[in-house]
Each structure stands twice: as C-alpha cells, then as structure tokens.
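Structure first, commentary second.
The values are calculated or read from the model by the stated rules, or taken from the named source; none is laboratory data. Everything numeric here is computed off the predicted structure, so don't read it as measured data. Note that we place each Cβ from the backbone using ideal geometry, even for glycine, and neighbour counts take in every protein chain shown.
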Amino acid sequence: MINLGIIGATGSVGSSVMSVCRAHKDKIKVVALAANSRSEKLLNLAQEFNTKKIYTYEHDGAAGLENLAVDPEIDHVVFASSGTSAIMALCSALKADKNISLANKESIVVAGEWVMKLIKRGDQLRPLDSEHNAIWQCLHGENKNFIEKIYLTASGGPFRNFNACDLENVTPEMALKHPVWAMGAKITIDSATLMNKGIELIEAMILFGVNENQVDALISPGSFIHGLVEFSDGSVKLLGANPDMKLPAASCLFWPDRYMPDEIFKRPEYNCKELKFFEPDENKFPCIKIAREVMKLKGVYPAVLIGADEIAVKKFLERKIKFTEIPVLIEKTLEACDLKTPSNIQEAISAVEWARVKADELA
Ligand code: MG
C-alpha cells in the first residue's frame with residue numbers, strides 16, 4: 001500500500017493523480033490533501049477518499065505543507081502545485097526520506113542546486129512532468145556518462161504555423177486554447193510562447209545533471225513522443241505514450257511496477273501519430289532562446305526568469321501587454337538584474353520575488 005500525500009490536488013496535474021488514486025484504491029491510500037484554498041473540489045476529494053488531513057495554503061500557509069511533507073503516516077508525496085510555495089516542503093520531504101513525484105518545475109529551476117543534494121537514493125525523486133518523466137524512463141539502466149543529448153518534445157503550441165504578424169494579434173482567448181493538453185492558464189500561455197519548454201530545458205539540465213549544450217527541444221506535432229535520449233554511440237531511446245498525464249503519474253507512483261486499470265487506459269494510438277521532429281523557430285518564439293541564454297548564465301538568472309515570466313503572463317492575460325511583448329518584458333527584467341548569485345534557497349526565492357516586482361515596474 002502506498003500512503004500518499006498530494007500537494008496541489010485540485011489542479012490539472014493533481015486531477016490526473018487523483019484519477020489514478022481513484023482507480024487504484026487497493027494500492028493507494030490518500031492520507032493527506034493540500035491545495036490553495038478550501039474549494040468545493042478539495043472537500044469533495046477529501047470526502048471521496050476519506051482523507052482526514054486537509055491543508056490549504058490560504059489557511060495553513062507553509063506550515064501546512066511542511067506537516068504533510070514530514071507526516072510519518074505518509075511515504076510518498078506528490079508535488080503538483082505551481083509556483084515557489086512548496087519548495088521548502090519538498091526539501092523536508094526529501095530529508096524525511098519520502099518518495100517524491102515532482103511536477104513542480106519551479107522547485108528545480110529556482111532551487112535545484114540545493115534540492116538535488118538532498119536526494120538520498122536512486123528514484124527517490126521521480127519526475128512527473130510528461131517530458132521529464134519520459135527522459136527519466138529512458139535513462140533507467142543507462143550510464144549517464146554516455147548521454148550525448150537529451151531532447152524534450154513540444155507540440156509547438158497553438159501558434160506553431162502563425163507568422164510574425166499573426167503573433168502580434170494573439171489574444172488571451174486564442175492563447176488559452178491548447179491543442180493537446182488541458183491545463184491551468186499560466187502554463188497554457190507558457191506553452192503558447194514556448195516558455196514552458198524553455199523552463200523545462202533548464203529543469204532537465206539540473207534534474208539529469210547534464211550541461212546546457214546537452215539539452216534541446218524538438219517540435220513533435222503528434223504529441224506521442226515525449227522525450228528522446230541520444231547516446232554517444234548514436235543510439236536513440238524515445239518514450240512514446242498517448243498524451244495523458246495519468247500515464248506519467250502512474251509511472252511515478254508505482255515505479256518500477258506498471259499499472260493502469262482498464263477504465264482509464266487506452267492502448268497507444270499508433271495509426272494517427274506523426275513521428276516527425278523539427279527544431280522550434282526561435283525567431284518566432286524567442287522564449288526558447290532566452291531560456292538557453294539563462295542556462296548558460298546560471299546563478300540568479302533561472303530564478304529571475306521564473307518571476308519575470310509570471311508577471312509577463314499575468315500582464316498579457318490582463319491585456320496590458322501583447323503576446324509578442326511577453327519575451328520582451330522577460331528579457332528586460334533579466335537585463336536589469338544586478339543580484340548576486342544566491343547562496344541558499346531563501347535567497348533564490350527572494351530573487352523570484354525581486355523579478356516579479358521589477359517586471360511589474362518595467363511593464
Ligand atoms: Mg511538460
């Protein structure tokens with residue numbers, strides 16, 4: 001029996017995790033749930049899974065997440081919230097030797113340097129994001145010294161075939177319709193600008209311990225291949241699966257076993273999948289270029305990118321800036337940064353906050 005705690009239970013990734021739990025009540029006990037607020041959705045989940053421990057960021061703050069992270073009744077914690085609020089809880093859960101399923105990108109991009117050092121054993125930290133989960137699966141049994149290159153795939157977002165002029169006129173409504181995945185607003189906009197892929201590249205570099213030249217993005221419009229690893233002998237491993245977050249969620253929870261009950265399982269749909277890959281157009285989607293620059297700079301810059309992007313997306317959704325101004329505002333914020341390299345997690349989180357304030361000023 002897996003005794004599970006879930007942070008971010010009501011979000012889009014959290015809902016996929018709950019579907020897996022629902023279908024596997026014989027294998028998973030939901031011990032604790034955490035979300036932003038005491039929404040109806042959260043209370044319904046608590047009732048459905050007979051979960052007594054409920055924490056909300058609104059009422060319990062960081063202490064609630066901390067309680068969940070170190071709860072002796074829990075042996076596996078899912079981090080499915082977005083933003084930086086669960087970083088310290090992640091550190092505590094690692095120290096308390098819990099298994100971790102991690103979908104929160106910010107904790108690795110902002111605090112990866114410290115988080116990665118807390119991992120006590122192989123597969124304690126299991127990447128839940130579809131692309132990183134794919135790479136993690138491809139790397140099992142491999143010697144990391146032979147990795148030539150890691151490729152994360154992208155659908156290309158809704159505007160892959162737009163020209164520069166069309167992109168100028170993209171509205172929030174247009175950008176909120178993602179062709180493949182139904183997700184929260186922030187990540188949907190990030191997918192449209194390709195900043196989501198940019199952030200994922202930074203995350204992959206840290207998570208898999210490779211350098212900035214060993215990680216790249218490939219557009220794969222079929223959205224069936226989630227990640228590729230090319231090795232030094234020219235062999236390539238790819239992970240393919242229907243685009244459904246329940247798959248990476250189940251792989252993290254049950255690893256190394258594989259379970260997916262009939263009621264939520266679909267056989268892979270090979271016939272309609274296009275196995276074509278091409279490079280993203282970085283002139284049309286400069287966010288990838290910006291992320292690559294940040295990977296080179298390291299130091300405080302990944303944290304600044306996270307804060308600046310949050311505000312840029314917010315301003316776009318509020319119709320204060322254009323779609324094409326999102327990367328411009330992020331770049332301006334990075335250029336204005338004069339912070340020194342953070343020496344601990346608190347300083348890294350403060351840099352995110354600094355970037356939010358700065359981006360707001362510059363918008
Ligand atoms: Mg992803």
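From the set of residues in the stretch 329-350 that are free of Cβ contacts under 8 Å to residues at least 12 places away in the same chain and more than 23 Å from the chain's Cα centre (by Cα), which is nearest to residue 108 (Cα to Cα)?
343
Which of the following residues is within 18 Å of the chain's Cα centre (by Cα) and modelled with pLDDT under 95: 156, 112? Spell out how you get there, then give the answer.
Numbers: 112 fails: modelled with pLDDT under 95.
Only one candidate passes the filter, namely 156.
Test each condition in (1) at pLDDT 95 or above; (2) away from the ligand (no atom under 16 Å from the Cβ); (3) surrounded by 19 or more Cβ atoms within 10 Å (Cβ to Cβ) for residue 102 and report the one that comes out false.
Just one mismatch for residue 102, condition (2).
Which of the residues belonging to the stretch 1-17 are surrounded by fewer than 24 Cβ atoms within 10 Å (Cβ to Cβ) and part of a helix (DSSP H, G or I)?
Filtering the stretch 1-17 down to residues surrounded by fewer than 24 Cβ atoms within 10 Å (Cβ to Cβ) leaves 1-3, 10-12, 15-16.
Result: 12, 15, 16.
Please find, within the stretch 108-128, the residue that is surrounded by the most Cβ atoms within 10 Å (Cβ to Cβ) out of those that are out of contact with any Cys (no Cβ under 7 Å at 6 or more places or on another chain) and in a strand (DSSP E or B).
127
Which number in (1) touching a helix residue (DSSP H, G or I) at 6+ places or on another chain (Cβ under 8 Å); (2) over 23 Å from residue 201 (Cβ atoms) marks the one condition that residue 115 misses?
(2)
I'd like to verify a number: residues in the stretch 134-158 that are within 21 Å of residue 280 (Cα to Cα) and within 14 Å of the ligand (Cβ to nearest atom), how many?
Residues of the stretch 134-158 within 21 Å of residue 280 (Cα to Cα): 134-135, 148-158.
With the extra rule that they be within 14 Å of the ligand (Cβ to nearest atom), the set shrinks to 134-135, 150-157.
The qualifying residues number 10.
Restricting to the stretch 271-322, name every residue that is in contact with a strand residue (DSSP E or B) (Cβ under 7 Å, 6 or more places away or on another chain) and assigned to a helix (DSSP H, G or I).
288
Name the single residue, out of those in the stretch 159-177 being without any contact (Cβ under 8 Å) to a residue 60 or more places away in the chain and part of a helix (DSSP H, G or I), that is nearest to the ligand (Cβ to nearest atom).
174
When both residues are 6+ apart or on different chains and their Cβ atoms are under 9 Å apart, which pairs have a first residue that lies in the stretch 193-220 and is under 22 Å from residue 325 (Cβ atoms) and away from the ligand (no atom under 13 Å from the Cβ), and a second that is at pLDDT below 95 and in a helix (DSSP H, G or I)?
193/175
Taking only pairs six or more apart or across chains, which ones have beta-carbon atoms under 8 Å, a first residue in the stretch 27-38 that is modelled with pLDDT of 95 or more, and a second residue that is hydroxyl-bearing (Ser, Thr, Tyr) and surrounded by fewer than 17 Cβ atoms within 10 Å (Cβ to Cβ)?
Going by the 8 Å Cβ cut-off, the qualifying pairs are 27/259.
If you scan the stretch 178-192, which residues turn out to be within 10 Å of the ligand (Cβ to nearest atom) and either among the β-branched types (Val, Ile, Thr) or not in a loop (DSSP other than H, G, I, E, B) (or both)? Before the answer, list the steps.
Narrowing the stretch 178-192 to residues within 10 Å of the ligand (Cβ to nearest atom): 181, 183, 187, 190-191.
Those that are within 10 Å of the ligand (Cβ to nearest atom) and either among the β-branched types (Val, Ile, Thr) or not in a loop (DSSP other than H, G, I, E, B) (or both): 187, 190, 191.
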